[in-house]
There are 2 protein chains.
Amino acid sequence: MSQNLNPGMSKRDLLSLIGAAAGGTAMYMAMGAFDQAKASNFKGPVKLDGSAKGKSVLILGAGVAGMTAALELGRAGYQVQILEYQDRVGGRSWTLAGGDTYTELGGATQKVGFSAGNYINPGPWRIPWHHHGLIHYCHELGIGLEPFMQVNYNAYVHSTKAFDGKPQRFRHIQADYYGHVGELLSKAVNKGALADTISKEDGEILLESLRSWGALDKDFRYVKGRESSNRRGWDKEPGGGLTAEPIPSQPMTAETVLRSGLWRSIAGNLTWDHEFSIFQPVGGMGEVAKGFERAVGKVVRLNSKVTAIQQSEAGVTVNYLDTKSGAKMTASADYCICTIPLPILAQIEMNVGPELAAAIRSIPYSTSCKVGLEFKRRFWEQDDQIYGGISYTDLPNSQISYPSSNYGAKGPGVLLAAYTGGVPGYELTALSPQERIARVLEWGSQIHTQFKSEFVGGVSVGWHRVPWVLGCFGQWSEEARAEHYKNLCAMDGRIMLAGEHASYYGGWQEGGITSAIDAITRLHQHVQAA
Amino acid sequence: MSQNLNPGMSKRDLLSLIGAAAGGTAMYMAMGAFDQAKASNFKGPVKLDGSAKGKSVLILGAGVAGMTAALELGRAGYQVQILEYQDRVGGRSWTLAGGDTYTELGGATQKVGFSAGNYINPGPWRIPWHHHGLIHYCHELGIGLEPFMQVNYNAYVHSTKAFDGKPQRFRHIQADYYGHVGELLSKAVNKGALADTISKEDGEILLESLRSWGALDKDFRYVKGRESSNRRGWDKEPGGGLTAEPIPSQPMTAETVLRSGLWRSIAGNLTWDHEFSIFQPVGGMGEVAKGFERAVGKVVRLNSKVTAIQQSEAGVTVNYLDTKSGAKMTASADYCICTIPLPILAQIEMNVGPELAAAIRSIPYSTSCKVGLEFKRRFWEQDDQIYGGISYTDLPNSQISYPSSNYGAKGPGVLLAAYTGGVPGYELTALSPQERIARVLEWGSQIHTQFKSEFVGGVSVGWHRVPWVLGCFGQWSEEARAEHYKNLCAMDGRIMLAGEHASYYGGWQEGGITSAIDAITRLHQHVQAA
């Protein structure tokens, strides 16, 4: 559209012209191109103005995308029904707690034996502050949020190839990396090596800033002393009385920090997805499912396995199996919003155009395996002073996440002791649940020696063995995005897809929610125009 | 002691020798010198082995220092009593909530009108993970802890001298500062300017690390694109469906970031006192006071104003006034632990040696003023997507802190709208409570335009007008520390001082707790040796 801009028009004129000619969506997209739309894809409470004209919509899948669609379409006056394969709503927004049972592909059944209050979230587990849609619904639906401790300076970073395999505290690595970066850049500025890039005046400000940020001394050196220990911590911490004087700790050399490779753990904490504030629902991610269920549970039909989706000029008809009774059933509506994950949808008979059909078959799903272990006590808090946060390792379990709730509780606690993708994710998924736990106990013991002696029990979810997804989330390559994304999202007759796979927020609930809102907005525009 | 080391002795031999000859404290200090004592001054549950020999201890002040002393001395078998000036325990560990009343020096009385659940902590408000003593007692005494959101990437940093006074998001400043630091250092490395400092191999690792940490592109440039927006945020955030594609934002130039001075806000988040994990008590800092009160409240005598402290060979006698009845009273004990803040203690008649007397008179107290404002709604969450954390400004209010609890609550909310020291702290304290609020409303409006229209009411505490402290906390210069610290902490006959002023953790409850433990440990050693 930007190719046709009339340079004589003002931006406002042009926007209003586009708006009149092409509807809100086009206007919104044009606004984005002008950098005026600073907010998220989620624009606040959904408003579908105009009549639903008595139309009905059948929604497939009661995950957050399907339930968002049902909630907002219902409010706009549509007749809605959701068919859900499982015996619960929420899909991947899921908590496994004591008493829960989970059967994976292959038939292995795990009964979770965790104590009351302990759980893992096998799927999404974090809600960054900018997931405006999800946070909006959490507030609206009474889902309590509490901070997720993404970063913990006292958690470990661990490499089998550095420090003889001994885990290091994150604060030592970050403080020393920053200190040495600050010292090195100060040196370059002071010797005039950047005179072609930065003015003398700005160079002076830069030096001042590096001393502040890098904890350098008056000569711009990162050395043992009060400044560096006030970042990395002390050999003897300050206290009170006559035994109070702190003793500074010795920073590592630049060479030691760089060659350890442990600086890799710093960047992850700085990314858009992981920046503070970041939340989790109080009680586990299943509370998101329950919140939506309170609002739309009455239109959800559980235990309904979709076997065919057929559309005609008259409407959409879905065949499904009642998995409890075995009865073959049929549901019909004017339109269908389908949120079934693509690896499942690709196996369902469905008369859509070749572009959508190709898109459905073209998106592989990423792998991921999570293993939660319960221990007799919170040794990570009691022995290691690690309250929440994540330790990272180059072992196949990849990370150990400490609970971000009930700090200081005296009973048993649960660690997310493995959260791993890629090749290690496939390998772990390929094992039996018992073998997964045995492996993770071995790996975890290299970071926390207490793992084996304090172990109680565990549960694991390898997402390629989850029968109703067959993978973790849609993994879009640049090429697939260019070729298939618009086709996947476009309305095909009376059918439209939604879910995290139909978003740029793959693997996040926010992708499912914003995709559902985008889909129902277009559906409503279609109904208005018809 | 280290001058007398025998080079032929092993470290272990030496430690055991020191331990035998000089007692636990000396051994502990020697261990520190060898870098073996990595933990805090607080070493876990206090154990005072041996008999209390029927001795009694009178404790002056029921703040956390005094109550810690009472708790542990009581457990060790001592007879303890606390005299407390106020009509409540806790001292500066204090919460002001709706219904509370506070009268400052000069007579101005404020009645707090906050809605239920809203409060400010006029004194300490944060508990870093390494305040081992305080966290130990929180866990033991059933004081719930929740994360304090120290860092919020979406909070503001504000300078009246930059960006025409428009507040900036912290994430923009930090991401762009890191990006430009990374790009500049990469340039210096690539042009060989640091070849005398860092080897070629380490230089290659450094470049790789800078690309990761600084979000640089493949050519080590910090430019508009996916990498930089994945740190600083997007002009249009990613979402779902056909309106989903994110639009990158434009980084600022290095010159803009440097000259804004807003990089000053980065370092504060990296310091020992502010690093994650960091907590607050659920319900306010007054819960710490209540927790201790549950344990030792029965030995506290409230409304007891100490007027004289006299010691003799037979014991310690304290004269005090019952502030309710006006009756002159006396209490006696074998020993006295005095936690009265120094500006008050300096005015009390007391027969101690010249060294302690000089120390008591030599420590000025820092100033601080906090102003809490209640607003009709949490506009910072609803309009600005700021959930907890702190905005910083060069205006006299210095910072605005957003509540770290009840995220998403729909009713009125309270901001700590000023927390300021130094000259602005004195100036604010000098005003009437009404005038303080009027000023803070003006300043805050420059960061949040909603301040005046949403304002409900407020409360302020200027610490130099708090009648029972006359200042915020003891401010030790290097010179004062060298001359007076040991004299302040040393036992003077039958009297020993404790409190944050007798610590290297000035202004923190951990200083009070560790100072109390150090003092009672020495008192107990004295009793054992007697």
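General observations
- Ascending list, in nanometres, of distances separating the B:THR109 label from those of the other copies (7 Å, Cα toward Cβ): 6.9
- Max-minus-min Cα coordinates of the stretch B:484-529 on each principal axis give 32, 19, 12 Å, with the largest extent listed first.
- Rounded to 5, percent antiparallel among DSSP beta bridges of the protein assembly as shown: 70
- Neighbourhood net charge (12 Å Cβ-Cβ; Lys/Arg +1, Asp/Glu -1) for B:LYS376: +2
- Three-way shape call for the stretch A:228-300 based on the alpha-carbon gyration tensor, with the a/c threshold at 1.5: oblate
- Counting from the shortest, the label point at A:LYS191, 7 Å from Cα toward Cβ, is 1.2 nm from the same position in each remaining copy.
- Considering helices alone, the calculated mean residue ellipticity of chain A at 222 nm is -10500 deg cm²/dmol, with DSSP H runs of length four and up weighted by -39500 (n - 2.57) and normalised per residue.
- Rolling a 1.4 Å probe across all protein chains gives B:ARG226 an accessible area of roughly 150 Å².
- Whole-percent carbon and sulfur share, accessible surface of chain B, 1.4 Å: 51
- Highest to lowest packing among B:122-135, A:405-418, scored as the average C-beta count within 10 Å: B:122-135, A:405-418
- Think of each Lys and Arg Cβ as +1 and each Asp and Glu Cβ as -1; about the Cα centre, that makes the dipole of the protein assembly as shown roughly 1380 debye.
- Positive contributions from Lys and Arg (+1) and negative ones from Asp and Glu (-1), summed over other residues with Cβ under 13 Å from the Cβ of A:VAL306, come out at 0.
- Percent RCO, i.e. relative contact order, over chain A, from Cα pairs under 8 Å lying at least 6 residues apart: 19
- With respect to chain B, whose longest principal axis is taken over its alpha-carbon atoms, helix B:170-190 is tilted by about 70°.
- Angle between chain B longest axis and helix B:433-445 axis [Cα atoms, degrees, rounded to 10]: 20
- Chain B and chain A together bury an accessible surface of about 9300 square angstrom, both sides counted, with a 1.4 Å probe and no ligands or nucleic acids included.
- When A:GLU245 is represented by a point 7 angstrom out along its Cα-to-C-beta vector, the spacings to that point in the other copies are 6.5 nm, nearest first.
- Summed over all non-identical Cα pairs, the Kirkwood treatment of the stretch B:168-261 gives a radius of 14.2 Å.
- Per-residue average of Cβ from other chains inside 10 Å of A:242-252: 6
- Alpha carbon convex hull of the protein assembly as shown, volume per residue in cubic angstrom: 192
- Folded to 0 to 90 degrees: helix B:509-529 orientation relative to chain B principal axis, Cα: 30
- Antiparallel DSSP beta bridges within chain A, as percent of all bridges there, nearest 5: 70
- Within the shell of other residues whose beta carbon sits under 12 angstrom from the beta carbon of B:GLN174, the net charge comes to +3, with Lys and Arg scored +1 and Asp and Glu -1.
- Size of chain A: Rg and Dmax of its alpha carbons, in Å, are 26.8, 87.
The values are calculated or read from the model by the stated rules, or taken from the named source; none is laboratory data. Since the model is a prediction, treat every value here as computed from it, not as a measurement. Using ideal geometry, Cβ is built from the backbone for each residue, glycine included, and neighbour counts are taken over all protein chains shown. Just the protein is used for accessible areas: all its heavy atoms, side chains included, with ligands, DNA and RNA removed. Shrake-Rupley method; radii C 1.70, N 1.55, O 1.52, S 1.80 Å.
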